[in-house]
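Working notes for the structure below.
The values are calculated or read from the model by the stated rules, or taken from the named source; none is laboratory data. In this text the structure is predicted, and so the values were computed from the model without any measurement. Note that each Cβ is placed from the backbone with ideal geometry, even for glycine, and that neighbours are counted across all protein chains shown.
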Amino acid sequence: MNSNRRTSSGAPPEGQASGTTAQLRTVVKASMAGTVVEWYEFFLYATASTLVFSKILFPPSSDPYAPILAAFLTYAVGFIARPIGGVVFGHFGDKIGRKRLLQISLVLIGGATFLMGCIPDFNAIGYAAPALLVTLRFVQGFALGGEWGGAVLLVAEHASSERRGYWAAWPQAGVPVGNLLATLVLLLLNGVLSDAQFLAWGWRVSFWLSLVLVAVGYYIRTRVTDAPIFHESKQRMAELKSQSDGTKAALTEYPREVFIAMGLRMAENIFYYVVVTFSLVYLKDVVKMDTGQMLWVLAVANLVHFVVIPRVGALSDRVGRKPVYLVGVAGCIGWGFIAFPLMGSGSLGLVGLAIVLGLVLHAFMYSGQSAFMAEMFPTRMRYSGISLGSQLSSIVAGSLAPFIATKLLSSFDSWVPVALYLVVAGLITGVAVLAARETRGIDLREVDARDHETHAARVGGGALAKGAQANGALAKGAQANGALAKGAQA
């Protein structure tokens, strides 16, 4: 790599402007620390929905799937809140910076998770229990909707063009780490407590532990700053005397990119929640697998997922974002037809192979996704753009995936409709990948330079139009004065 390379604007490339590799690693740690904390809490809820909430926070039912479906509907509330969080956090994150908003999101989701551990069960407070759960779940989703975009941008905007896929994949790797921590905590509690103790109070401990993780993550995030490219963008907007509304600008000026980002997210999101959440239902209620064994399988699979994600991100730097993504799409389409027969065997090794295979294939979509989306939008609206694209699709993707898959299983008593569900999701995302422009190696300052030129013309054109209107008003006033003068002479 040529360290003297310059952009057309004369500025150094992003990685050079942002400092040394050591500084970039600090940014990665800060971004990843918060991501681990937030996804620990988010996926703790996902696992607890299957193992705990459906049993103690909802009314009993003769249908074994009914409480699980009810728990998954409250699970979906978090996804519905995520686009709202994405809009709010994206708006302010584009104006005042990524770091401050990331600290706020961490506190919000930590507080909500702690309070979830304090909810009395259904027998104690009746329907107030699921009502409180839904409310706190909404707060969780709202905070997480703002977390993802800010976390990946904090890294992507510091990284160089040549290695952005690798570095921006590390916040993504925080997801399996968070899930792994949640799984290990539940596994430990499940191992040392009886089923009655675990359901009575043991599960609450895992939620209360979130306060420790929040304190650590918050401290680490105080040690970083926003990337130089963000401050440069703010300065250019100030010079233009323009206050761009990131959400409105993304939807009106970059609608194609928003819709492509939504499409990219569709299969990735659905696939992930089928693999890590619905599979628990299938293994528990169809295969009759022991809870401890399921949790161990998830722990191993998440560890593999963590190892694979940065490496696939680096692969997207070498061969391109689109080819790597399409491998993941193909995997999503075919996984169900391989994985469900493997899980149905009841063999611990084959079940583990099915889950690990699913997460490895998922990494081919997820690893380069953050860099892919970040490269689609200019800095002045990047937080809003990628938050909209990623979170809007979550309403119909990950939010409903466990519910839809469980409903298909209960209605048809077969895994085949679930596999076909993944096929449809994969085809939608495949179209989005093919429609997207390849962005590997693009310089974010070049993206900003092109956008600045267009935006300056738009702002200048508006000023000229206002000036013309003012001149027209003056001319009409002059004509009116002339008419009055003639009248006076007459």
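Within region 48-74, restricting attention to residues that are polar (S, T, N, Q) and crowded, with 24+ Cβ neighbours inside 10 Å, the residue that is nearest to Arg204 (Cα to Cα) is Ser49. Of all residues in region 259-304, which are polar (S, T, N, Q) and either closer than 28 Å to Gly149 by Cα or crowded, with 24+ Cβ neighbours inside 10 Å (or both)? Answer for region 259-304, where residues must be polar (S, T, N, Q) and either closer than 28 Å to Gly149 by Cα or crowded, with 24+ Cβ neighbours inside 10 Å (or both): Asn269, Thr277, Ser279, Asn302.
Can you pull out the residues in region 136-194 that are of a type in the set (S, T, N, Q), within 22 Å of Arg311 (Cα to Cα) and in contact with a helix residue (DSSP H, G or I) (Cβ under 6 Å, 6 or more places away or on another chain)? Residues satisfying the conditions are Ser160, Gln172, Asn179. For region 323-342, filtered to residues that are aromatic (Phe, Trp, Tyr) and in contact with a Gly (Cβ under 9 Å, 6 or more places away or on another chain), the residue that is surrounded by the fewest Cβ atoms within 10 Å (Cβ to Cβ) is Trp335.
Checked against (1) touching a helix residue (DSSP H, G or I) at 6+ places or on another chain (Cβ under 9 Å); (2) modelled with pLDDT under 90; (3) more than 20 Å from Val308 (Cα to Cα), Tyr127 passes all but condition (1). Counted as qualifying within region 59-142 are the helices (runs of 4 or more DSSP H) with 2 or more residues that are under 25 Å from Gly385 (Cβ atoms), namely 65-96, 98-116.
So that you can scan it fast, the table gives a plain yes or no per residue for (1) surrounded by fewer than 24 Cβ atoms within 10 Å (Cβ to Cβ); (2) of a type in the set (Val, Ile, Thr); (3) within 21 Å of the chain's Cα centre (by Cα); (4) closer than 12 Å to Gly34 by Cα:
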position	(1), (2), (3), (4)
Gly145	no, no, yes, no
Ala151	no, no, yes, yes
Trp167	no, no, yes, no
Pro176	no, no, yes, no
Asn179	no, no, yes, no
Leu186	no, no, no, no
Gly191	yes, no, no, no
Ala196	yes, no, no, no
Ala200	yes, no, no, no
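Among the candidates Leu357, Leu392, Leu400, Leu388, which residue alone is touching a Gly at 6+ places or on another chain (Cβ under 9 Å), in contact (Cβ under 8 Å) with a residue 40 or more places away in the chain, surrounded by fewer than 24 Cβ atoms within 10 Å (Cβ to Cβ) and not charged (D, E, K, R)?
It is Leu392.
For region 405-415: of the residues being assigned to a helix (DSSP H, G or I) and in contact (Cβ under 8 Å) with a residue 12 or more places away in the chain, which is surrounded by the most Cβ atoms within 10 Å (Cβ to Cβ)? So the residue we want is Ala405. Between Met373, Met381, the distinction of being within 18 Å of Pro83 (Cβ to Cβ), part of a helix (DSSP H, G or I) and modelled with pLDDT of 95 or more belongs to Met373 only. Would you call Arg137 touching a Ser or Thr at 6+ places or on another chain (Cβ under 8 Å), among the basic types (Lys, Arg) and closer than 19 Å to Phe43 by Cα? Yes: the conditions hold for Arg137. Taken over region 396-414, the criterion of being among the β-branched types (Val, Ile, Thr) and closer than 16 Å to Ala71 by Cα is satisfied by Ile404, Thr406.
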